[in-house]
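Working notes, structure below.
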Amino acid sequence: MESLTNQADLIALHKSVSNHSMYNKILTVNDLKTMMETHVFAVWDFMSLLKRLQREITCVELPWKPSPYPSKLVRLINEIVLAEESDLDQNSEPIDHFSLYLKAMNELGAKTQKIKNFLEVQDFDKLTTAQRNFVQYNLELAKTGLLHEVAAAFFFGREKLIPDMFTTIIADLEKNIQEKDQGLFPNLKYYLHRHIEIDGNEHGPMAEGCLSILCGNDKQKWEEARIAGIKSLKLRSALWDEVESSLY
């Protein structure tokens, strides 16, 4: 990204989170359940970042009027929303990615009541420290952050990170989970592979394009974007640290 002159911290954090030691500690189906019961919060709050981008960049108000942003950017956001909110599952049935993840949790027997309760009452006191810090940051950013900061968290903390992170997770699951248990979580495997495919080939470049358009040649915006990206990656790392500590 040419307009971001100081990328060293982002590159190092991206590599660290993409290869976090937690992934290699998932040795049993119960370990996998533990990971999913925390990861589901990141699957959920992702959509608030995307919806902020959609609300600001496209027109979702009545009466409709053309967006002040370039049509290219409007199309990028709408295409991402289409896939994230109404993708096709293995049976070519429309489903949003959060519901697909819940389906994967139910399939494996992971607990979903905590995330469901949180969606009802949003009691942050019921979350662990890392879960709370992660979700609070992303929700506050989605609500009150500068648009280019939201786009930065969306790109650096999600769309750029996820393909590399999920590739490592899949490799470790295939290596560590016993062969007899590999068939227990086809929906999770589909979810992971699907995100590697669309984020790596489509949504990652789209999110980068969105950030580039929003920051333009403004050095201050690029620095604010860098800070938001670093914060997002650090919070993800802390989330995985907490999961890892519970696996021992």
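The values are calculated or read from the model by the stated rules, or taken from the named source; none is laboratory data. All values derive from a computational prediction rather than experimental measurement. All Cβ positions, even for glycine, are placed from backbone atoms using ideal geometry, and neighbour counts span all protein chains on display. Heavy atoms of the whole protein, side chains included, go into the accessibility calculation; ligands, DNA and RNA do not. Shrake-Rupley method; radii C 1.70, N 1.55, O 1.52, S 1.80 Å.
Can you tell me which of (1) over 19 Å from the mean Cα position of the chain (by Cα); (2) within 18 Å of residue 199 (Cβ to Cβ); (3) of a type in the set (Asp, Glu) is the one residue 84 doesn't meet?
The single condition residue 84 does not satisfy is (1).
Residue 96: out of contact with any Cys (no Cβ under 8 Å at 6 or more places or on another chain) and free of Cβ contacts under 8 Å to residues at least 60 places away in the same chain, yes or no?
Yes.
For residues that are assigned to a helix (DSSP H, G or I) and open to solvent by 70 Å² or more (accessible area, probe 1.4 Å), scanning just segment 52-77, find the one that is nearest to residue 166 (Cα to Cα).
Ranking the qualifying residues of segment 52-77, first place goes to 75.
Quick check: anything in segment 36-49 of a type in the set (Asp, Glu) and within 21 Å of residue 134 (Cβ to Cβ)?
yes
Could we say that residue 90 is in contact with a Phe, Trp or Tyr (Cβ under 6 Å, 6 or more places away or on another chain), open to solvent by less than 90 Å² (accessible area, probe 1.4 Å) and farther than 19 Å from residue 243 by Cα here?
yes
Limited to segment 78-108, what total is found for residues that are among the charged types (D, E, K, R) and in a loop (DSSP other than H, G, I, E, B)?
3
One residue is enough: does segment 52-65 have a residue meeting the conditions in contact with a Leu (Cβ under 7 Å, 6 or more places away or on another chain), modelled with pLDDT of 95 or more, of a type outside the set (S, T, N, Q) and under 18 Å from residue 155 (Cα atoms)?
yes
Are any residues in segment 17-50 more than 21 Å from residue 183 (Cβ to Cβ), over 16 Å from the mean Cα position of the chain (by Cα) and part of a helix (DSSP H, G or I), and if so, which ones?
24, 25
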